[in-house]
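The structure's right below; bear with me while I get my questions together.
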Amino acid sequence: MSVENSIHRENPALDPDRAEVTAWLPAILQISDSAFPTGGYAHSLGFESLAASGHLPNEAALLNFLRSHTIPAITHTDLPLVRAAHAAARNQNLPALLEIDALAGAMKLTYELRTASLRTGRQRLAALKHVCPDQVLLTFEQACRSDPRIGHHTVVWGIACSAAPIHAALTAWFCQSLAGICLAAPKFMRLGQEGAQRVLAACLTSAAASIDHAMTIALDDAGWFDPVLDLASMQHEIADGRLFIS
């Protein structure tokens, strides 16, 4: 190792690559944490009904469902929306953000999933306003106050992560989306916390391929038809008893 490399290794502030990372990484770790107040813990996103109907009898079934249904939906729907919102936020383009937000809402076919997207997005936005505000975020928050249909989670995420590289923003969304389901899983099925973490770890091996593919999907081509979760969400909405809001 050269003397120069040794100095950089011992003094991260002298390494421009590491300095660039430290500028955005702590913030994205904070907002990705389950402790960040979005209310996401109250949502199963239709999985409670799937488990109740016998579709998720064990750990292997949950992993198979996430790989077969959830990850493709994230890849083709959520990630293109986050990517578009990230770009619009960097360009300080509020009209584009509002168009993307309307599209995000239109892609949520059921009442519960659409409402969950708005609730978690708007709660995240309310927290971000006080924790790490910037001009684009505050302008978008003002638009949300004038219209209760504005503030979907993918768009708020894109705005919140706009200081980070796009691949970091997409990776964080991919991870936190699956982590939320795995965090809820022990409450709606026979699965321990270690089992939930095994499922999550197995799913995260798909992150790079999912994100690379999502980067090639034009926003006009975004979307994924897979009615299984939509039907589960509809069943959950009229269920007599339930643990989760969605």
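Would you pick out the residues in the stretch 170-194 that are assigned to a helix (DSSP H, G or I) and free of Cβ contacts under 8 Å to residues at least 12 places away in the same chain?
Selection gives P186, Q193, E194.
Additional query: In the stretch 90-115, how many are assigned to a helix (DSSP H, G or I), at pLDDT below 90 and either over 19 Å from F225 (Cα atoms) or among the polar types (S, T, N, Q) (or both)?
Counting residues in the stretch 90-115 that are assigned to a helix (DSSP H, G or I), at pLDDT below 90 and either over 19 Å from F225 (Cα atoms) or among the polar types (S, T, N, Q) (or both) gives 1.
Which residue out of R145, R124, R149, R119 is touching a residue at least 60 places away in the same chain (Cβ under 8 Å) and open to solvent by 20 Å² or more (accessible area, probe 1.4 Å)?
R119
Could you please find all residues in the stretch 142-166 being over 19 Å from Q123 (Cα atoms) and either of a type in the set (V, I, T) or at pLDDT 95 or above (or both)?
Our first condition is that a residue be over 19 Å from Q123 (Cα atoms); within the stretch 142-166, this holds for 163-166.
Passing the criteria: only I166.
Does V155 satisfy the condition of being in contact (Cβ under 8 Å) with a residue 40 or more places away in the chain, surrounded by fewer than 16 Cβ atoms within 10 Å (Cβ to Cβ) and either assigned to a helix (DSSP H, G or I) or touching a Leu at 6+ places or on another chain (Cβ under 9 Å) (or both)?
Values: in contact (Cβ under 8 Å) with a residue 40 or more places away in the chain: yes; surrounded by fewer than 16 Cβ atoms within 10 Å (Cβ to Cβ): no; either assigned to a helix (DSSP H, G or I) or touching a Leu at 6+ places or on another chain (Cβ under 9 Å) (or both): yes.
No.
Looking at I217, is it hydrophobic (A, V, I, L, M, F, W, C) and in a loop (DSSP other than H, G, I, E, B)?
Yes.
So how many residues does the stretch 208-219 have that are open to solvent by less than 60 Å² (accessible area, probe 1.4 Å) and either polar (S, T, N, Q) or over 23 Å from I100 (Cα atoms) (or both)?
Final tally of qualifying residues: 1.
While we're looking at this one, here's another question. Could you run through the stretch 220-231 and say how many residues are part of a helix (DSSP H, G or I) and under 26 Å from I100 (Cβ atoms)?
Here the count works out to 6.
Checking F188 against (1) modelled with pLDDT under 90; (2) open to solvent by 70 Å² or more (accessible area, probe 1.4 Å), only one condition comes out false. Which one?
(2)
The values are calculated or read from the model by the stated rules, or taken from the named source; none is laboratory data. The shown structure was predicted, so the numbers you read here are calculated from the model rather than taken from an experiment. Quick reminder, even Gly has a Cβ in these numbers, built from the backbone with ideal geometry, and neighbours come from all protein chains shown. Just the protein is used for accessible areas: all its heavy atoms, side chains included, with ligands, DNA and RNA removed. Shrake-Rupley method; radii C 1.70, N 1.55, O 1.52, S 1.80 Å.
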